[in-house]
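*Asks:* Quick one: structure below, then a few questions.
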Amino acid sequence: MKLERELLGRAFLFAVAAGVGCVVVAAVVADGRTAGSAVVGTGLVVGFLALGQVPVAAAARWHRSIGAVLLLLGYVSRVMVLLLALLLLRGNDALDRASLGLTVLVTALAWTAGTVWSMVRWKPMLIDPEALVQSGSSPAERSTGRPPPRR
């Protein structure tokens, strides 16, 4: 679970912070209906993106390249489902469409920025024991890159 926290923690924090910011701005600029729409938008984005990222992070634990492919395909499919949800909510008169749409955009961009930030900064430790055995070099040579001193 530590890997998932490393990869998703910052994205989740960025998205929630952006969503809270949108709710505060909507409450100050307009009324409670607008702030409620911002809360719905934040919930949609965080819910859709967080639920889809957990399996990807778990897959990345074993095969990083498979995790990257799953991340790309999963992200595109979740964005499409999110757009479908927005189209369904479009006709709802209880929500302010402008606030809902702007909150979804800002929160999704914040999630993406947090995900990219986490992936760029993530440096897993990779040790390939088979490569060490196949190289035939001594432990001193493997650690320094030079042959051991002769005695």
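*Asks:* Calculate one ³J(HN,Hα) per residue across segment 81-98 by plugging θ = phi - 60° into the Karplus curve 6.51 cos²θ - 1.76 cosθ + 1.60, and present them in order as whole Hz with x for glycine and proline.
*Replies:* Computed from phi, the couplings for segment 81-98 are 5, 5, 5, 4, 4, 5, 5, 5, 7, 4, x, 7, 7, 6, 10, 8, 5, 5 Hz.
*Asks:* Here's a follow-up. Once phi is turned into θ = phi - 60°, what whole-Hz ³J(HN,Hα) does the Karplus curve with 6.51, -1.76 and 1.60 give for every residue of segment 38-49, x standing for Gly and Pro?
*Replies:* 5, 5, 4, x, 5, x, 4, 5, 5, x, 5, 6
*Asks:* Whole-Hz Karplus ³J(HN,Hα) for segment 22-29, in order, using 6.51 cos²θ - 1.76 cosθ + 1.60 and θ = phi - 60°, x for Gly and Pro?
*Replies:* Whole-Hz 3J(HN,Hα) from phi for segment 22-29: 5, 5, 5, 4, 5, 5, 6, 6.
Here, each number is a calculation from the coordinates, and none is a lab measurement. The structure displayed is predicted, hence computed values, not measured ones.
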